[in-house]
Amino acid sequence: MRRRNKLVAIDVVGAVAFLVPAQALASSVPEGSFNPGLLLSVGSGEYPVGFGTEISGMVFPKGDPGSIGYGGFFQAQTYAGDYARLAFGFQLGNVVGGELGIAGLTRSDLHTSTFALHTGVFASGAVLGTGLRVTIPMSGADHGLPAHGVDVSWVLTLKVPIYSGKIFNSLGRPLRDEQGPITAAAREASGWADISDPALVAHLSPREREELAALWLEAALAEHASIATFSALALELLALGAPADLLVACQHAAQDETEHARLSFGLASTYAGLPLGPGKLPLPATALSGDAAAVAYLSFTDGCIGETFAAALARRAQRHATDPAVARALARIATDEARHAALAWSIVTWCLTLDPARVRAALGAALAEPELEAPAAPLTDVMGLPIVPAARHGAVPADEQKPLRRRAERTARARLKRMLGAPRDAGGLVP
């Protein structure tokens, strides 16, 4: 009995020692998943059928859930109540992959406690997985009984994947300097938001409220910075001699971003339980470029692509949001971001009439660049916050936002290619 307890203790400690750092690692990389589930195996041992649980974790270093990932697993099974099998180890792959680890089989009526090598291959879908597992004995305690033998088992798993990478919300047009995006620091302040009915979040745990407050606060700070981006864009358009309708639309966009920031700060304040707002915004000390090619390039990348993606992301979040205030905010953001994307196309079209050769070259360079991943600015981390409650309050999990970004970028690139292939006069450039 002591040997059996020792074997169980070693396996459990080993599994925890591996999976806890793996879970922490999943929160620091672009993408990851944590997969608890049920396990059924049918094999060649003394009791063919085993029932139990499996917990696995996988991280995707390239930031794409479709790429090759690595991680670990822990399995615990019982066989007719006579003995238990515990295993932990490493996994490599994605939809199809392999695993290698250590297994421990407790003493049974016919066999002594046994340490073994665990090897296997698997194929995994959204919630179902299957595979072939081989257990090869390496050593066993001697109680006058033989060690467990080689076991070849077919395995079926039913799991609940929890994506543990980053979640993103609408970010608006980023404000940048040489080092990257700029936002103000958050602070406790009135003037940007009031706390709405606290009863709307009374059912949430303190951890969930903290995570959701962080999500909406980051969104609010990004939307707040976008006010400056559109103000700077209006000055660029003035310097280039833009028509009045573009300037009016740009000023309206800045007002939209102000409202987005106010709505987002309001939600962040409600979840946090105190009024939140922005501090000083460190504006970049850059002069106006006066360059139609540069304006067109950023309008295409940040507007035609970025704001189309932001609108799609807000619409996706709105469909899952059950909090009325969240749903209203997302509906407003989705409508405005779609209009901002249309403004970006109008700016690109107008810039092409100013300096066709240079603007076409800049836009051609944008087309030649590789497709971008979803925004790099994390809003919150899903670890510790189940996806379902988060989605009800405006979060979009990383595995859902990837195809939205890809679709927005490919659609915009196709449209720009058609524009650049059109005649060079202004009439032929209108999309």
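Values computed for the structure shown
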item: Heavy-atom accessible area order for Ile136, Ile68, largest first, 1.4 Å probe; result: Ile68, Ile136
item: Spacing of the two label points (7 Å from each Cα toward its C-beta) at Leu110 and His252, in nm; result: 7.9 nm
item: Largest-first ordering by accessible area, 1.4 Å probe, given options Trp216, Trp154, Trp192, Trp350; result: Trp154, Trp192, Trp350, Trp216
item: Accessible area, probe 1.4 Å, largest first, for residues Phe34, Phe90, Phe73; result: Phe90, Phe34, Phe73
item: Estimated FRET transfer efficiency (Asp82, Thr322; beta-carbon r; R0 56 Å; 0.05); result: 0.75
item: Ranked packing of 330-342, 302-314, 38-50, most packed first, by mean Cβ within 10 Å; result: 302-314, 330-342, 38-50
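The values are calculated or read from the model by the stated rules, or taken from the named source; none is laboratory data. Because the structure is a prediction, the values reported are computed rather than measured. Please note: Cβ atoms are built from the backbone with ideal geometry, for glycine as well, and neighbour counts cover all protein chains shown. Just the protein is used for accessible areas: all its heavy atoms, side chains included, with ligands, DNA and RNA removed. Shrake-Rupley method; radii C 1.70, N 1.55, O 1.52, S 1.80 Å.
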